[in-house]
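Visitor: To start, I am sharing the structure in question, which I have written as structure tokens.
The values are calculated or read from the model by the stated rules, or taken from the named source; none is laboratory data. Small disclaimer: the values here were computed from a predicted structure and weren't measured. With ideal geometry, Cβ positions are generated from the backbone for all residues, glycine too; neighbour counts draw on all protein chains shown.
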Amino acid sequence: MNDPVRLSHGSAMILQAIATGQIYGYTIMEVTGLPSGTVYPALRRLERDELIRSQWEKQSIADSELRPARKYYKLTRGGRTALDATLERYPLVRKLSAPSEVLK
Amino acid sequence: MRRHDALLRMASLAVPVRLRCEWLRTWQSELFYVPQSEATAFCLGAAKDAGSLWREGSGGWLDSPYRYLAVLSASSAAVYCAGLCAAKVALSLPLCTSVQEVKLALLLFFLLISVGAIIGKGQGAVWPAGFRDGAFLGLKLVMGVPIFYGVLFLGIALGIPVLHPMVIYVFVVRAIFADQRRRCPRCLRYLGSPVAIGSAAETFLHWYGTESICVRCCALMEMPDVSCSYWAEHRLLPLDSSWAEVFSEQAEARS
């Protein structure tokens with residue numbers, strides 16, 4: 001039987017932020033309120049554990065909007081399962097803002 | 001933003017080469033979205049991240065206590081010499097020669113060592129139980145002091161407030177105690193495979209904390225998360241030869 005993945009509160013917040021549509025690093029920082037020195041190492045660990053997947057956007061899209069290319073993050077199936085299990089442990093994490101509230 | 005970009009590039013030097021390009025690209029792309037007022041804090045986070053990657057990458061290299069001492073003494077000497085040269089050039093400071101000045105320097109030296117010990121106590125340091133690990137910790141603390149003097153001289157030469165060397169010294173001492181906690185008290189090599197055992201709810205029933213292994217000594221290191229009356233200190237549990245096979249597998253996995 002597979003043991004459920006046990007996530008820290010910070011990791012749960014980051015996974016929830018990605019699940020609610022905050023798909024690149026800076027918006028995850030804004031939603032969770034965590035500092036950059038916590039968010040980016042956590043994103044790397046979550047990706048190593050295959051709970052999230054990252055992908056660079058096409059350079060042509062970034063060029064057309066006159067900004068650098070973004071690295072987008074997406075939950076994997078394992079990440080979704082881990083998040084569901086973790087939300088039972090940290091129910092308040094569900095209250096993280098939806099994208100529209102942040103990007104206003 | 002050019003200053004912050006330079007900060008990111010400097011921090012990237014600490015990142016292992018195979019990860020550096022991707023690491024720098026990620027942080028630079030995010031820096032674009034960070035407001036100017038938050039950019040410095042953002043870059044300090046990047047430096048922290050780079051430092052953790054450096055520690056992960058160099059853990060094996062600094063495993064030898066002799067090599068660690070060599071690196072620390074070389075860094076310490078470099079900072080001290082740089083500070084001394086800067087102060088001599090900028091202010092034409094004479095070398096301290098009078099008995100009074102030597103006494104003052106010695107007093108400050110022992111004061112700094114005491115401050116280091118107090119910082120270690122506040123950080124929940126693992127105190128040495130034997131001569132070997134005690135001497136190792138003592139040498140590291142002694143080697144950390146010239147960094148204070150070096151930064152102090154640099155500060156005087158460049159007109160930076162005197163508080164800064166103390167802040168840097170605190171960071172150095174914290175790093176020294178953190179390194180000590182990661183080492184086996186017997187062979188002074190890094191402990192491996194840390195596993196969290198138990199939970200806080202078991203305080204009255206059983207200990208809880210972290211258990212690591214020392215492959216060389218064939219021993220378990222048990223460190224309680226909270227000191228209890230029945231288990232206040234870390235302890236090393238040497239195992240008999242019947243466990244040797246398990247440890248040799250671990251050694252192979254590490255190498």
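Visitor: Considering every residue within the stretch B:19-28, establish whether at least one is farther than 15 Å from residue A:44 by Cβ, not acidic (Asp, Glu) and not in a helix (DSSP H, G or I).
Guide: Scanning the stretch B:19-28 turns up no residue that is farther than 15 Å from residue A:44 by Cβ, not acidic (Asp, Glu) and not in a helix (DSSP H, G or I).
Visitor: Pairs needed: first member in the stretch B:39-50, at the interface with chain A (Cβ under 8 Å from one of its Cβ atoms) and more than 7 Å from residue B:11 (Cβ to Cβ); second member anywhere, among the polar types (S, T, N, Q) and part of a helix (DSSP H, G or I); C-beta distance under 6 Å; at least 6 residues apart or different chains.
Guide: B:42/A:36; B:45/A:36
Visitor: Considering every residue within the stretch A:59-72, establish whether at least one is in contact with an Asp or Glu (Cβ under 8 Å, 6 or more places away or on another chain) and more than 23 Å from residue B:34 (Cα to Cα).
Guide: no
Visitor: Hey, among the residues in the stretch A:18-49 that are surrounded by 13 or more Cβ atoms within 10 Å (Cβ to Cβ) and outside any helix (DSSP H, G or I), which one's farthest from the other protein chains (Cβ to nearest Cβ)?
Guide: Among those residues, the one meeting the criterion is A:20.
Visitor: Could you check the stretch A:45-57 and list, in sequence order, the residues that are at pLDDT 90 or above and on the phi < 0 side of the Ramachandran plot?
Guide: Passing the criteria: A:46, A:47, A:51, A:52, A:53, A:54, A:55, A:56.
Visitor: Considering each of B:69, B:84 in turn, give the residue that is closer than 21 Å to residue B:134 by Cα, modelled with pLDDT of 75 or more and within 25 Å of the chain's Cα centre (by Cα). Give the derivation first.
Guide: Numbers: B:84 fails: closer than 21 Å to residue B:134 by Cα.
Result of the check over B:69, B:84: B:69.
Visitor: Under the condition of being within 10 Å of chain A (Cβ to nearest Cβ) and of a type in the set (A, V, I, L, M, F, W, C), which residue from the stretch B:11-37 is surrounded by the most Cβ atoms within 10 Å (Cβ to Cβ)?
Guide: B:27
Visitor: Within the stretch A:1-32, take every residue that is within 23 Å of residue A:69 (Cα to Cα), of a type in the set (Gly, Ala, Ser) and at pLDDT 85 or above and give me the one that is nearest to the chain's Cα centre (by Cα).
Guide: A:17
Visitor: Quick test for you: out of B:38, B:101, pick the one residue that is modelled with pLDDT under 80 and of a type in the set (D, E, K, R).
Guide: Unique residue meeting the criteria: B:101.
Visitor: Same structure, new question: Do we find that residue B:141 is in a helix (DSSP H, G or I), surrounded by 14 or more Cβ atoms within 10 Å (Cβ to Cβ) and either modelled with pLDDT under 90 or of a type in the set (A, V, I, L, M, F, W, C) (or both) in this structure?
Guide: On the way: in a helix (DSSP H, G or I): yes; surrounded by 14 or more Cβ atoms within 10 Å (Cβ to Cβ): yes; either modelled with pLDDT under 90 or of a type in the set (A, V, I, L, M, F, W, C) (or both): yes.
Criteria met by residue B:141.
Visitor: Give me the pairs: first residue in the stretch B:185-196 and surrounded by fewer than 17 Cβ atoms within 10 Å (Cβ to Cβ), second residue part of a loop (DSSP other than H, G, I, E, B) and among the charged types (D, E, K, R), beta-carbon distance under 7 Å, and six or more apart or on different chains, which are they?
Guide: B:187/B:216; B:189/B:216
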